[in-house]
Amino acid sequence: KAQLGLGHSYSRAKVKFNVNRQDNMIIQSICLLDQLDKDVNTCAMRVKEWYSWHFPELQKIVSDSFIFARLVQFIKARSTLTDDKLDALTEITMDEDLSKQILDAAKASMGMDCSDIDMLNLSQFADRVVA
(Lines give C-alpha, C1' and ligand atoms only; values in the text may rest on other atoms or scores of the structure.)
Protein backbone atom coordinates (compact mmCIF):
# COMPACT_ATOMS: atom_id res chain seq x y z
CA LYS A 1 0.00 0.00 0.00
CA ALA A 2 2.82 2.36 0.83
CA GLN A 3 4.38 1.86 -2.61
CA LEU A 4 1.05 2.48 -4.32
CA GLY A 5 0.48 5.67 -2.32
CA LEU A 6 4.01 6.80 -3.04
CA GLY A 7 3.52 6.06 -6.74
CA HIS A 8 0.30 8.12 -6.83
CA SER A 9 1.95 10.95 -4.94
CA TYR A 10 4.92 10.95 -7.33
CA SER A 11 2.60 10.92 -10.40
CA ARG A 12 0.50 13.78 -9.02
CA ALA A 13 3.64 15.82 -8.41
CA LYS A 14 4.89 15.13 -11.94
CA VAL A 15 1.56 16.14 -13.49
CA LYS A 16 1.25 19.21 -11.25
CA PHE A 17 4.69 20.50 -12.15
CA ASN A 18 4.66 19.51 -15.81
CA VAL A 19 5.79 22.62 -17.71
CA ASN A 20 4.27 21.29 -20.94
CA ARG A 21 0.79 20.92 -19.43
CA GLN A 22 -0.70 23.57 -21.74
CA ASP A 23 0.98 21.92 -24.69
CA ASN A 24 -0.68 18.65 -23.71
CA MET A 25 -4.12 20.30 -23.85
CA ILE A 26 -3.36 21.73 -27.28
CA ILE A 27 -2.12 18.37 -28.52
CA GLN A 28 -5.24 16.64 -27.18
CA SER A 29 -7.46 19.26 -28.83
CA ILE A 30 -5.76 18.74 -32.18
CA CYS A 31 -6.10 14.97 -31.84
CA LEU A 32 -9.80 15.40 -31.01
CA LEU A 33 -10.37 17.58 -34.08
CA ASP A 34 -8.57 15.05 -36.27
CA GLN A 35 -10.72 12.24 -34.87
CA LEU A 36 -13.93 14.24 -35.38
CA ASP A 37 -12.94 15.01 -38.97
CA LYS A 38 -12.26 11.34 -39.59
CA ASP A 39 -15.61 10.33 -38.06
CA VAL A 40 -17.58 12.88 -40.09
CA ASN A 41 -15.86 11.71 -43.28
CA THR A 42 -16.69 8.10 -42.44
CA CYS A 43 -20.35 9.00 -41.85
CA ALA A 44 -20.46 10.96 -45.11
CA MET A 45 -19.01 7.98 -46.99
CA ARG A 46 -21.68 5.72 -45.45
CA VAL A 47 -24.46 8.10 -46.49
CA LYS A 48 -23.11 8.14 -50.05
CA GLU A 49 -22.73 4.38 -50.11
CA TRP A 50 -26.19 3.62 -48.71
CA TYR A 51 -28.10 6.27 -50.67
CA SER A 52 -26.36 5.15 -53.86
CA TRP A 53 -28.31 1.89 -53.66
CA HIS A 54 -31.46 4.00 -54.06
CA PHE A 55 -30.18 6.77 -56.37
CA PRO A 56 -26.76 5.74 -57.79
CA GLU A 57 -26.61 8.53 -60.37
CA LEU A 58 -26.52 11.22 -57.68
CA GLN A 59 -23.05 10.19 -56.52
CA LYS A 60 -21.70 10.74 -60.03
CA ILE A 61 -23.35 14.15 -60.33
CA VAL A 62 -22.51 15.54 -56.86
CA SER A 63 -19.02 14.98 -55.48
CA ASP A 64 -19.14 17.19 -52.35
CA SER A 65 -20.13 15.15 -49.28
CA PHE A 66 -21.87 18.02 -47.48
CA ILE A 67 -24.04 18.92 -50.47
CA PHE A 68 -24.74 15.23 -51.05
CA ALA A 69 -25.96 14.82 -47.46
CA ARG A 70 -28.14 17.94 -47.76
CA LEU A 71 -29.62 16.53 -50.96
CA VAL A 72 -30.36 13.23 -49.22
CA GLN A 73 -32.18 15.19 -46.51
CA PHE A 74 -34.19 17.07 -49.12
CA ILE A 75 -34.88 14.40 -51.76
CA LYS A 76 -35.43 11.32 -49.60
CA ALA A 77 -37.32 9.04 -52.03
CA ARG A 78 -36.31 9.98 -55.57
CA SER A 79 -39.85 9.33 -56.82
CA THR A 80 -41.00 12.46 -54.95
CA LEU A 81 -38.54 14.66 -56.85
CA THR A 82 -40.52 16.70 -59.38
CA ASP A 83 -39.92 19.80 -61.50
CA ASP A 84 -41.58 22.05 -58.93
CA LYS A 85 -38.70 21.33 -56.51
CA LEU A 86 -36.11 22.78 -58.91
CA ASP A 87 -35.77 26.05 -56.96
CA ALA A 88 -35.13 24.24 -53.68
CA LEU A 89 -32.59 21.97 -55.37
CA THR A 90 -30.84 25.00 -56.84
CA GLU A 91 -30.72 26.58 -53.40
CA ILE A 92 -28.87 23.51 -52.08
CA THR A 93 -26.55 22.91 -55.05
CA MET A 94 -26.08 26.61 -55.92
CA ASP A 95 -26.10 25.60 -59.61
CA GLU A 96 -29.24 25.43 -61.74
CA ASP A 97 -27.68 23.18 -64.40
CA LEU A 98 -26.63 20.71 -61.72
CA SER A 99 -30.15 20.75 -60.30
CA LYS A 100 -31.59 19.98 -63.73
CA GLN A 101 -29.14 17.08 -64.10
CA ILE A 102 -30.30 15.71 -60.75
CA LEU A 103 -33.96 15.98 -61.78
CA ASP A 104 -33.30 14.22 -65.08
CA ALA A 105 -31.28 11.50 -63.38
CA ALA A 106 -34.04 10.94 -60.79
CA LYS A 107 -36.59 10.35 -63.54
CA ALA A 108 -34.43 7.70 -65.23
CA SER A 109 -32.70 6.24 -62.18
CA MET A 110 -31.91 2.53 -62.05
CA GLY A 111 -31.64 2.39 -58.26
CA MET A 112 -33.66 0.14 -56.02
CA ASP A 113 -36.65 1.27 -54.00
CA CYS A 114 -36.12 1.88 -50.29
CA SER A 115 -38.56 1.07 -47.54
CA ASP A 116 -39.84 3.89 -45.36
CA ILE A 117 -37.78 2.75 -42.37
CA ASP A 118 -34.59 2.55 -44.45
CA MET A 119 -35.22 6.03 -45.81
CA LEU A 120 -35.83 7.33 -42.30
CA ASN A 121 -32.52 5.85 -41.12
CA LEU A 122 -30.70 7.32 -44.12
CA SER A 123 -32.24 10.72 -43.49
CA GLN A 124 -31.26 10.66 -39.82
CA PHE A 125 -27.72 9.64 -40.73
CA ALA A 126 -27.55 12.52 -43.24
CA ASP A 127 -28.80 14.85 -40.48
CA ARG A 128 -25.79 13.84 -38.37
CA VAL A 129 -23.40 14.56 -41.23
CA VAL A 130 -24.90 17.99 -41.88
CA ALA A 131 -25.12 18.98 -38.22
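The values are calculated or read from the model by the stated rules, or taken from the named source; none is laboratory data. Just so it is clear, the model here is predicted, and its values are computed rather than measured. Cβ sites come from the backbone with ideal geometry, for glycine too, and all protein chains shown count toward neighbours. Please note that ligands, DNA and RNA were not included when accessible areas were found on the heavy atoms of the full protein model with its side chains. Shrake-Rupley method; radii C 1.70, N 1.55, O 1.52, S 1.80 Å.
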Checklist line | Sequence of His8, His54 when ordered by accessible area, the most exposed leading, probe 1.4 angstrom | finding: His8, His54
Check: For Leu33, Leu86, what's the largest-to-smallest order of accessible area, 1.4 Å probe?
Finding: Leu33, Leu86
Check: Could you give the accessible area per residue of the chain, probe 1.4 Å, as a whole number in Å²?
Finding: 71
Notebook entry, point to check: Which aspartates and glutamates, on any chain, are close to Lys38 with Cα under 18 Å apart, when same-chain ones fewer than 8 places away are left out?
Noted result: Glu49, Asp64, Asp127
Next item on the list: Keeping all protein chains in position, work out how much accessible area Asp97 exposes to a 1.4 Å probe, and write it in Å² to the nearest 10.
Entry: 100
Check: Suppose every K and R has +1 on its Cβ and every D and E has -1 on its Cβ; what is the size of the dipole of the chain about the Cα centre, in Debye to the nearest 20?
Finding: 1300
Next item on the list: First measure r as the distance between the Cβ atoms of Tyr10 and Gln35, then evaluate 1/(1 + (r/R0)^6) with R0 = 22 Å and state the FRET efficiency to the nearest 0.05.
Entry: 0.10
Next item on the list: Describe numerically, in nm with one decimal, the distance between label points set 7 Å from Cα along Cα→Cβ at Thr90 and at Glu49.
Entry: 3.6
Item checked: Rounded to the nearest 10 Å², the accessible area of Met94 at probe 1.4 Å -> 150
Next item on the list: May I ask you to give the average projected area over all directions of the convex hull of the Cα atoms of region 59-122, in nm² rounded to one decimal?
Entry: 4.2
Checklist line | For region 119-131, Karplus couplings with θ = phi - 60° (6.51, -1.76, 1.60), whole Hz, Gly/Pro x | finding: 5, 5, 5, 4, 5, 5, 5, 5, 4, 5, 5, 6, 5
Notebook entry, point to check: For the chain, rounded, prolate or oblate, judged on the Cα gyration tensor with a ≥ b ≥ c (square roots of eigenvalues), a/c < 1.5 rounded, else prolate if a/b > b/c?
Noted result: prolate
Note to self: Can you find, among Ser109, His54, Ser123, the residue sitting farthest towards the positive end of the charge dipole of the chain, where Lys and Arg contribute +1 and Asp and Glu -1 at Cβ?
What the structure shows: Ser123
Check: What list of ³J(HN,Hα) values in whole Hz, one per residue of region 25-33 in order, does the Karplus curve 6.51 cos²θ - 1.76 cosθ + 1.60 (θ = phi - 60°) give from phi, with Gly and Pro shown as x?
Finding: 5, 5, 4, 5, 5, 5, 4, 5, 4
Checklist line | Cβ charges +1 (Lys, Arg) and -1 (Asp, Glu), total dipole of region 47-115, debye | finding: 280
